[in-house]
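A short worksheet on the structure shown next.
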Amino acid sequence: TEEKPAQETEHKGEEAEEEEEEEELTFEQLGLDPRLIRALNKKDISITKPTPIQRVAIPLILEGKDVVARAKTGSGKTLAYLLPLVQKLFAISGSNRKLAPSAFILVPSGELCQQVHKEFSSLIDSCKVQLKAVQLTTKMPDPDLRTALAGLPDIVVSTPACVAKCLSAGVLQSSSINDSLEILVLDEADLLLSFGYENDLKALTAFLPRRCQCLLMSATSSADVDKLKKLILHNPYILTLPEVEG
Ligand code: ADP
Ligand code: MG
């Protein structure tokens, strides 16, 4: 098993807050790949300036830190993790291509799964890079799940229930998750436990490699988010935007 860098423990429990002087930081200054910045400019609604949560989360995620990001709905949390995640996948897919997905994004519903998959796909299309995402939902029969995974996606967008189903049906191998998974994102994390996904998550986290970078995005803080932090994250950076109340 790989050791996490020692410096990470020094930052345990650190609270990062939005700072005035960071107001004007651009996506370039956050360390984003020019291909991604061009893709943002190309989108219908052109995105030119990072939101506060993006300003603090993107550099940390690019550095490989585990992050818990809490910011209100509509603050741009999806791109806060998608942009650095895609940039990391550029590097992974360019080197030793894995036989199983390098990243999982887990969300509480099939509808959200579709939204995130769409946002990822449009970003990738604009970048013209060879990255592949699939969405897996419990509505799909086993052969369809098998076919989707056989296409060697770099990233899987799914619900915890569907990943647990794939594991128990042998569509996904726990050993390949252990070999290949580099990044795990739990989006809308505040809802995952109340939607009843605790055991499904445990089915996955049992095989989570130590090196896997974990990102937890939520709109609120709650006992459930704390529980997830304990279940999944080691020494995360806790990003809490000032305007968020409890
Ligand atoms: P959250 O997950 O925090 O609720 P979303 O990621 O769904 O928020 O983003 C909300 C909206 O803001 C989306 O329409 C998204 O395209 C837009 N958005 C995201 N980042 C930016 C940005 N840097 N500048 C302008 N709009 C943005
Ligand atoms: Mg969101």
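The values are calculated or read from the model by the stated rules, or taken from the named source; none is laboratory data. Quick caveat: nothing in here was measured; it's all calculated off a predicted structure. Every residue, glycine as well, gets a Cβ built from its backbone with ideal geometry; the counts of neighbours run over all protein chains shown. Please note that ligands, DNA and RNA were not included when accessible areas were found on the heavy atoms of the full protein model with its side chains. Shrake-Rupley method; radii C 1.70, N 1.55, O 1.52, S 1.80 Å.
Once you sort the root eigenvalues of the Cα gyration tensor of the range 197-246 as a ≥ b ≥ c, which label holds: rounded (a/c under 1.5), prolate (a/b larger than b/c) or oblate (the other case)? Since a/c reaches 1.5 but b/c is at least a/b, the shape of the range 197-246 is classed as oblate.
Full-extension gain between Asp142 and Ser121, please, as 0.36 nm times their residue separation minus the C-alpha to C-alpha distance.
5.2 nm
The Cα trace of the range 150-208 gives Rg and Dmax of 11.3, 33 Å, the first to one decimal, the second as a whole number. When only alpha carbons of the range 95-246 are considered, Rg and Dmax amount to 15.2, 47 Å. On a per residue basis, the range 138-246 carries 40 Å² of accessible surface, using protein heavy atoms and a 1.4 Å probe.
Where does the Debye-calculated log10 I(q)/I(0) of the range 67-165 sit at q = 0.17, 0.25 Å⁻¹, using only Cα point scatterers of equal weight, no solvent? Each listed q maps to, in turn, -0.79, -1.47. Here the range 120-246 exposes an accessible surface that is 50 percent carbon and sulfur, computed with a 1.4 Å probe and the other protein chains kept in place. Packing here is the average count of other Cβ atoms within 10 Å per residue, and on that basis the peptides 113-123, 169-179, highest first, run 113-123, 169-179.
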